[in-house]
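Report on the following structure.
Just so you know, all these numbers are worked out from the coordinates, no wet-lab data involved. The structure displayed is predicted, hence computed values, not measured ones. Neighbour counts run over all protein chains shown; Cβ positions are idealised from the backbone, glycine included.
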């Protein structure tokens with residue numbers, strides 16, 4: 001288990017280094033989700049999932065995109081928000097409902113991770129980066 005954790009953290013470090021020029025909120029969100037999957041957590045540690053909610057919210061509020069990803073981001077934000085409101089009294093027991101709720105949370109969080117990885121890949125390939133510039137500085141103003 002320790003070896004697997006070290007390998008996953010090394011892979012995350014490589015991924016963050018490889019995507020270091022994309023929006024920092026996406027990097028933090030992916031790191032938070034990987035940490036949430038990787039570490040043993042209790043009910044109070046579900047607050048770690050609130051960090052990745054910033055990126056889909058920001059994307060959903062940014063307006064229409066060509067690929068329609070703002071709609072997917074809004075739905076994802078809503079699903080993550082719903083998973084955070086699971087009653088702790090149910091999750092603390094080992095009932096069938098608890099197992100189903102935890103499985104639903106895992107599916108939604110896995111979907112969020114895949115969505116964020118896809119956004120990072122699109123952002124990375126869509127940028128013509130200059131050393132030290134952020135994506136917001138890359139916007140060309142014509143007039």
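So what's the projected area for the range 1-112, the Cα convex hull averaged over all directions, in nm²?
Numbers: hull surface 31.9 nm².
Hull-based average projected area comes out at 8.0 nm².
So how much slack lies between residue 106 and residue 24, counting 0.36 nm per residue of separation and subtracting their Cα-Cα distance, in nm?
Between residue 106 and residue 24, full extension yields an extra 27.1 nm.
Could you work out how much longer the chain between residue 38 and residue 10 gets when fully extended? Use 0.36 nm per residue separation minus the Cα distance between them, nm to one decimal. Provide the component values of the computation, followed by the final result.
Details: separation 28, 0.36 × 28 = 10.08 nm, distance 1.24 nm.
Length difference between fully extended and current span is 8.8 nm.
Looking at the range 67-131, what % of the alpha carbon pairs are farther apart than 13 Å?
Here the long-distance tail beyond 13 Å is 70 percent of all Cα pairs in the range 67-131.
If R0 is 35 Å, what FRET efficiency do you get for residue 117 and residue 89 from their C-beta distance, rounded to 0.05?
0.55
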